[in-house]
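Below: one structure, written as structure tokens.
The values are calculated or read from the model by the stated rules, or taken from the named source; none is laboratory data. Being a predicted model, the structure only gives us computed values, none of them experimental. Note: ideal-geometry Cβ built from the backbone for every residue, glycine included; neighbour counts use all protein chains shown. With ligands, DNA and RNA removed, areas are computed over all heavy atoms of the protein, side chains included. Shrake-Rupley method; radii C 1.70, N 1.55, O 1.52, S 1.80 Å.
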Amino acid sequence: MKDDRTSPFRDAHTDRDSAEHVPDTPQSRAPAYRLAFADEDFLCRDELRPVRLQLELLKPQLMLDEQGIESTIVLFGGARIPAPADKDKARTQTLADLSRFYDETREFARLMTLKSMQGGGHEDVIVTGGGPGVMEAGNRGAIDAGGHSIGLNIVLPFEQAPNEYVTPELCFNFHYFAIRKMHFLMRAKAICVFPGGFGTMDELFEALTLIQTGRMQRVPFLLFGKEFWQKIINWDALADAGTISAEDLDLFRFVETAQEAMDLIENWETAPARDAIPGR
């Protein structure tokens, strides 16, 4: 991280290093003696949750700023969707059939990264959840184009690691799902959702709700795979029931291919955030 200190005071790094080399005594070994900001046990206390939330918001924000990332293209999608070469290992035939979206994700990320690089690589940077499946395909497509991409990982109870295609200096890890979701959307210029499960649908509906309620500006919102999404979610039934309005169905578009998505994003009519909710 950059050194932008202008203070004449002794810096925290120096004091932290000095504190590690004090004489070994009962007093210096006591937890109370540790510097508060260098005491992991203290930082993990329940009472420090507000501080941890702030740190998780600040760390990626500062580091993305330092890397010059101004806007992102968000990719959501299933971790279980295999690459076509591995579709014979899929748990179900449906997952094997959905493997084509691995290639579409990869191609879309490649095309978008090429576009981003034409402007210096600061705008329209691909961001994924940093894991396998569709996420891996997105980061891989950015590599195919010779560019960089972001991975926003989350600590899970089972063993997992970032996929190998995330740009290392843009690879982040989160404890709080809520802060991770904020970082997905804070710089978003478009949102692309590929077939997935609970996590994908959680991200899909939270982002749609923010746009529906006017808490977020309308951006291109694309669902890859019309057949999948119309089978999983009865969108028209929601509108017919009145729990959403017919106008809400215009907040997103279905697409099938990477090129179709690129064309829609390029020609999307910009609109301000809603100041009212239709149907209420």
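What the table shows:
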item	result
Carbon plus sulfur fraction of accessible area for region 113-214, probe 1.4 Å, in percent	60
Difference of contour (0.36 nm per residue) and Cα-Cα distance, Q93 to E260	57.5 nm
Solvent-accessible surface ranking, highest first, for F254, F37 at 1.4 angstrom	F37, F254
Computed accessible area, Y33, all protein chains, 1.4 angstrom probe, square angstrom	120
Options A19, P8, Q54, ranked by Cα towards positive dipole end of region 1-60, top entry (Cβ charges)	Q54
Region 47-267: relative contact order as a whole-number percent, Cα under 8 Å and 6+ apart	21
q = 0.17, 0.19 Å⁻¹: log10 I(q)/I(0) that the Debye formula gives for region 138-271, counting C-alpha atoms only	-1.11, -1.34
Accessible area (Å², 1.4 Å probe, nearest 10) - E227	150
Potential extension, L249-D39 segment - 0.36 nm per residue separation minus Cα distance	70.6 nm
Set of lysines near K87 by C-alpha distance (under 27 Å), chain-local residues within fewer than 8 positions excluded	K226, K231
Semi-axis lengths (Å, descending) of the ellipsoid that matches the C-alpha gyration tensor of region 47-267	25, 22, 19
Nearest-20 debye value, region 47-267 charge dipole, Cβ charges on Lys, Arg, Asp, Glu	420
